[in-house]
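Heads up: the structure comes next, in structure tokens.
The values are calculated or read from the model by the stated rules, or taken from the named source; none is laboratory data. Source: prediction; values computed, not measured. For neighbour counting, all protein chains shown are included, and Cβ atoms are generated from backbone atoms with ideal geometry for every residue, glycine included. When the accessible area is computed, the model is the full protein with side chains, heavy atoms only, and any ligands, DNA or RNA have been set aside. Shrake-Rupley method; radii C 1.70, N 1.55, O 1.52, S 1.80 Å.
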Amino acid sequence: MILSVLASNAQAAQFYFCWLGANDYSMVGQMTIKPSSLNKPLVTQDDVTEFRIAGYLEGTLLGKWDMATREPDDSWILHFDPARNAFMTPGDVGLGVSQAWNADGTAEDCGNPGFGFNLGNYAQDFCLNGVWIEESGMPPETTFLVSPTPVDPQCRVYAPTS
């Protein structure tokens, strides 16, 4: 019984997510959270052991970023509520930027070449090759899909097969 509980906790630490931006922009991602952090009210970047994102425009890949290849000066802020399975917005945490995944509050610091995502008090949007992609933007309070199974760039959950 103890082994099944441990296995459940380990599996529960894997999350997939999808964001639908404006004008046919989208993003998929995957993260692994330390099992011991899942009972915390707030998971941050320090609790994440694996993280990757890929951004799309009309289904065509724009760019990728992951924490494994993160440079020391890359923006890396994450706030996640494991009880709600939700990435927190600036209003939730009382900060100007609640998510900075290789893109800070100006969404202009993702490198060139580079890709990043920002969720700030102005908008949720992309950075591509050091340029803010304003037309990708959504209101800061917009929620996005978080799933225990993989998702595609249109935010469709892959049905498990057995």
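Among the conditions (1) part of a loop (DSSP other than H, G, I, E, B); (2) modelled with pLDDT under 95, the only one that ASN23 does not satisfy is (2). Of all the numbered requirements in (1) crowded, with 20+ Cβ neighbours inside 10 Å; (2) more than 15 Å from SER75 (Cβ to Cβ), PHE115 misses one, and that requirement is (2).
Considering only residues that are of a type in the set (Val, Ile, Thr) and open to solvent by 60 Å² or more (accessible area, probe 1.4 Å), look in the stretch 118-153 and name the one that is farthest from LEU95 (Cα to Cα). Spell out the reasoning first.
Here is the first cut: in the stretch 118-153, the residues of a type in the set (Val, Ile, Thr) are 131, 133, 142-143, 146, 149, 151.
Keeping just the survivors that are open to solvent by 60 Å² or more (accessible area, probe 1.4 Å) gives 131, 143.
On the way: VAL131: 23, THR143: 17 Å.
The selected residue is VAL131.
Scanning the stretch 49-61 for residues that are open to solvent by less than 10 Å² (accessible area, probe 1.4 Å), touching a residue at least 12 places away in the same chain (Cβ under 8 Å), assigned to a strand (DSSP E or B) and of a type in the set (S, T, N, Q) turns up nothing.
Suppose we filter the stretch 26-44 for residues that are assigned to a strand (DSSP E or B) and open to solvent by 20 Å² or more (accessible area, probe 1.4 Å); how many remain?
Of all residues in the stretch 26-44, those assigned to a strand (DSSP E or B) come to 26-33, 43-44.
Remaining after also requiring open to solvent by 20 Å² or more (accessible area, probe 1.4 Å): 28, 30, 32, 44.
Residues in the stretch 26-44 being assigned to a strand (DSSP E or B) and open to solvent by 20 Å² or more (accessible area, probe 1.4 Å): 4 in total.
For the stretch 78-94, how many residues are at negative phi and either crowded, with 18+ Cβ neighbours inside 10 Å or without any contact (Cβ under 8 Å) to a residue 24 or more places away in the chain (or both)? So that I can check it myself, show each step before the final result.
Just the residues of the stretch 78-94 that are at negative phi, to begin with: 78-84, 86-93.
Still in the list and also either crowded, with 18+ Cβ neighbours inside 10 Å or without any contact (Cβ under 8 Å) to a residue 24 or more places away in the chain (or both): 78-80, 82, 84, 87-90, 92.
Of the residues in the stretch 78-94, 10 are at negative phi and either crowded, with 18+ Cβ neighbours inside 10 Å or without any contact (Cβ under 8 Å) to a residue 24 or more places away in the chain (or both).
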